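Working notes, structure below.
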Amino acid sequence: MEDFGKTKEGWLRTFLELPNGIPSHDTFNRVFSAIDPVHSVHSVHSVHPDHPVHSPPGG
């Protein structure tokens, strides 16, 4: 994701403020580690009720 961000930084800056640049791999890792996968699946389903819900691994 960091590589994608660096490659597309100009485009991303057209709609995102990135005062500290593209987040590092470690930052993405911390963010994704903090997300509850079960809650995320149910949140997506509440917005898109016709989308099939698949349990995440271990969920």
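Values quoted throughout were computed directly from the atomic coordinates according to the rules given, and no laboratory measurement underlies them. Keep in mind that what you see is a predicted model, and the values were worked out from it rather than measured. Neighbour counts run over all protein chains shown; Cβ positions are idealised from the backbone, glycine included.
The residue pairs whose first member lies in segment 20-39 and is in contact (Cβ under 8 Å) with a residue 60 or more places away in the chain and under 16 Å from residue 2 (Cα atoms), whose second member is among the acidic types (Asp, Glu) and surrounded by 10 or more Cβ atoms within 10 Å (Cβ to Cβ), and whose beta carbons are closer than 7 Å, counting only pairs six or more residues apart or on different chains, do not exist in this structure. The criterion of at least 3 residues that are of a type in the set (D, E, K, R) is met by the following helices (runs of 4 or more DSSP H) wholly inside segment 1-54: 2-7.
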